[in-house]
1. So, of the residues in region 117-151 that are in contact (Cβ under 8 Å) with a residue 12 or more places away in the chain and over 30 Å from residue 51 (Cα atoms), which turns out to be surrounded by the fewest Cβ atoms within 10 Å (Cβ to Cβ)?
2. Can you tell me which residue among 54, 42 is closer than 14 Å to residue 140 by Cα, buried (at least 16 other Cβ atoms within 10 Å of the Cβ), under 11 Å from the mean Cα position of the chain (by Cα) and modelled with pLDDT under 95?
3. Does residue 93 fit the bill of being under 20 Å from residue 149 (Cβ atoms) and either without any contact (Cβ under 8 Å) to a residue 40 or more places away in the chain or assigned to a helix (DSSP H, G or I) (or both)?
4. Based on what the data block shows, is residue 114 over 23 Å from residue 139 (Cα atoms) and without any contact (Cβ under 8 Å) to a residue 40 or more places away in the chain?
5. Go through region 98-111 and report how many residues are without any contact (Cβ under 8 Å) to a residue 24 or more places away in the chain and either under 18 Å from residue 129 (Cα atoms) or surrounded by 14 or more Cβ atoms within 10 Å (Cβ to Cβ) (or both).
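The values are calculated or read from the model by the stated rules, or taken from the named source; none is laboratory data. As the structure is a computational prediction, the values presented were derived from the model and not from experiment. FYI the Cβ positions are ideal-geometry reconstructions off the backbone, even for glycines, and counts take in every protein chain you see.
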């Protein structure tokens, strides 16, 4: 699989993910609740988008090295996710108050300097990115593998 095919596969993964996340988010988050809803919806969307891309690109995936090609798609996709989360999360207006509130609830009575708050926010951002990328990588890989197996070319 050429690099341009991998880029197209990752772009397809992102577009399908976004489309599914909007639709499933509107349906499932109110039903599940705001505590677990976004995580469940995100996991389902990563799995389904990987499944669709796996079906679409199955012949190109299995022409070459199969698992190795899927790994290339996942690594490029993970890089895109890291850049997205690193830019999008801190830019949300309630990010800093949320981090402070959660930290103060976990450590009542403790006060931190501005520099320490910045470190807590950076550590929290790292945790959120790592968790989301881990869920995305695992669910997308499972989806890619299953999807590509549905249309795996037959050996002649």
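1. 117
2. Working: 54 fails: under 11 Å from the mean Cα position of the chain (by Cα).
Being closer than 14 Å to residue 140 by Cα, buried (at least 16 other Cβ atoms within 10 Å of the Cβ), under 11 Å from the mean Cα position of the chain (by Cα) and modelled with pLDDT under 95 holds for just one of 54, 42, which is 42.
3. Numbers: under 20 Å from residue 149 (Cβ atoms): no; either without any contact (Cβ under 8 Å) to a residue 40 or more places away in the chain or assigned to a helix (DSSP H, G or I) (or both): yes.
It is false that residue 93 is under 20 Å from residue 149 (Cβ atoms) and either without any contact (Cβ under 8 Å) to a residue 40 or more places away in the chain or assigned to a helix (DSSP H, G or I) (or both).
4. Working: over 23 Å from residue 139 (Cα atoms): yes; without any contact (Cβ under 8 Å) to a residue 40 or more places away in the chain: yes.
The answer is yes for residue 114.
5. We begin by selecting, within region 98-111, every residue without any contact (Cβ under 8 Å) to a residue 24 or more places away in the chain; these are 98, 100-111.
So of that shortlist, the ones also either under 18 Å from residue 129 (Cα atoms) or surrounded by 14 or more Cβ atoms within 10 Å (Cβ to Cβ) (or both) come out as 98, 100, 102-103.
Here the count works out to 4.
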